[in-house]
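Below is one structure, written out as structure tokens; the observations come after it.
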Amino acid sequence: MTPTEPIRLAARAAHLPASATAALDARAKQLIADGVDVINLTSGEPAFATVEPAALAAIAAIGEDFTRYTPAAGIPQLRSSVADYLNRHGTTYTADSVVITAGAKQALHYAFTGLLETGDEVLVPAPYWVSYPHMVALVGGVPVEVRPAPGNSLKITPQQVRQAITPRTRVLLLNSPANPSGVVYTRAELTALAAVAAEHDLIIISDEICDHWVYETTFTSVAALGPDIAARTLTVGGMSKTFAMTGWRIGWIAAPAHVSRAMAAIQSHTASAPSSVSQRAAHGALTADLAQELNRRRAALDERRKAVLKALSDVPGVQVDGEAQGAFFVFADVSKTYGLRSSTHTISSAADFAGLLLSEARVAVVPGADFAAPDHVRISYTVPPDRLTEGLRRISNFVSGLAT
Ligand SMILES: Cc1ncc(COP(=O)(O)O)c(C=O)c1O
């Protein structure tokens, strides 16, 4: 910025970098638009069509001209269907507990806005989804990274949480299944982490946006661990991942009623409410019998996940960490390729690895620096199987072509 520019940004915006995940995705998309045959394994969304009951409910809503502001907390029938949806996991939410938001992102923003005083600390387990620290900092909070011990589990322990707690700690953020690592915490692990939060009177924000995408293990909702834990937990989720409805922008917060009321009040003064038509679409999806279709989709992603794990197990220097039991990502440590040369450069970071993989092998993956995992890359397996197979072949060829 030059001193003559009349509009000076607030520090919180001036220093806010654009998402690097989005930047790499944009670079890959630009290459594709230029006619380059890129296999894009950066996507953060499952590539399934919107389920028919959602589309039909939206069309009906438009036909009825259901196109006005809705109540700030969302339409009552959707608040109720979200509570029912969540309670399949053992929680005891009512419609009053739920606030409908424009995506889980906005839900998280409201949560941090409503909970944090300036300087309050939020414990963020690393590797973390790229937006968390920025969201905390935007409202004056301080994100505090909690790192897993070296090794390949990528899970944090109660002991590591305890060590990170200070008098300013207010929130423990949990995200299972996790983006970017694909880690899924067991019920026992979550119980132990929640116990630390209770011991230190911390609030838990549990981002459960990928609740459906769990393979070879089971999903646990933190608020289902008991009434005392539910009383200190905000559950965040939405339609984006389970229902592959990212563009409809419907998410939610479920929390004790006084918290939900505050979140709805924040929404009433900011967004008013999410789109009326999208709310009806979400209600259509949540009240239809979609179990078979969702299970079919999960089985399809599981096949692709297994294909990635199998292919990478044969690629020397690329080590999958975190078991990849959830979401739609495999998280791989590529540090063993450091010092090796591609046809043009020597690799010295995961960012180099990802950059060269894109320019030389035409496969896009996301380097982990913004996830606080500078030696890893995130490989999304949501693309169709034939594209995935080709992408894996290119990764394998790229790595085997590296020279010492
Ligand atoms: C862990 C996590 N939480 C929240 C979100 C936001 O989802 P939404 O589309 O509902 O805003 C994402 C999206 O990528 C995510 O990965």
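Nothing in this text is a laboratory measurement; each read-out follows from the coordinates by a stated rule. What you are looking at is a predicted structure, and each value in this text was computed from that prediction instead of being measured. When we count neighbours, we look across all protein chains shown, and the Cβ atoms used for this are built from the backbone with ideal geometry, even at glycine.
Quick notes on this structure:
- P(r) histogram, all alpha-carbon pairs of the chain included - 20 Å bins from 0, percent: 27, 57, 17, 0
- Fraction of beta bridges assigned by DSSP in region 53-288 that are antiparallel (%, nearest 5): 30 percent
- For region 278-286, 3J(HN,Hα) computed residue by residue from phi via the Karplus equation (6.51, -1.76, 1.60; θ = phi - 60°) reads 5, 5, 5, 4, 4, 4, x, 5, 6 Hz, glycine and proline entered as x.
- Between helix 104-115 and the chain: long-axis angle, C-alpha atoms, 0 to 90°, nearest 10: 60 degrees
- The average projected area of region 295-339, computed from the convex hull of its Cα atoms over all directions, is 3.1 nm².
- For residue 205, residues with placed amide H under 5 Å, excluding near neighbours: 172, 173, 174, 234
- Summary of packing: across the peptides 81-87, 67-73, the per-residue average of other C-beta atoms within 10 Å ranks them, highest first, as 81-87, 67-73.
- For region 80-172, projected area of the alpha-carbon convex hull averaged over all directions, nm²: 7.5 nm²
- Charge tally for residue 74 (other residues, Cβ to Cβ under 15 Å; Lys, Arg +1; Asp, Glu -1): +3.
- 3J(HN,Hα) from dihedral phi, region 337-349, Karplus parametrisation 6.51/-1.76/1.60, rounded to Hz, x for glycine, proline: 8, 5, x, 7, 10, 7, 5, 10, 9, 9, 7, 10, 7
- The packing ranking of peptides 159-165, 358-364, highest mean first, is 358-364, 159-165, where packing means the average number of other beta carbon atoms within 10 angstrom of each residue.
- Using the Cβ-Cβ distance between residue 10 and residue 166 with R0 set to 25 Å, the FRET efficiency from 1/(1 + (r/R0)^6) comes to roughly 0.40.
- Cα extents of region 233-277 along the three principal axes, largest first (Å): 30, 24, 13
- Calculation over all alpha carbon pairs of region 122-233 in 5 angstrom steps from 0 returns a P(r) of 2, 12, 24, 26, 22, 11, 2, 0 percent.
- Separation between Cα centres of region 365-404 and region 250-316, rounded to whole Å: 26 Å
- With contacts taken as Cα pairs under 8 Å and at least 6 residues apart, region 126-240 reaches a relative contact order of 23 percent.
- Between residue 159 and residue 390, the FRET efficiency from the beta-carbon distance, with R0 = 41 Å, is close to 0.40.
- Of the beta bridges in the chain, as assigned by DSSP with both residues counted there, near 50 percent are antiparallel.
- Prolate/oblate/rounded call for region 1-136, Cα gyration tensor, a/c under 1.5 rounded: oblate
- Packing rank of 389-396, 329-336, 49-56, 288-295, where each peptide gets the mean count of other beta carbons within 10 Å, highest leading: 329-336, 389-396, 49-56, 288-295
- Semi-axis lengths, largest first, of the ellipsoid equivalent to region 53-288 are 30, 19, 15 Å, with √(5λ) applied to each eigenvalue of the Cα gyration tensor.
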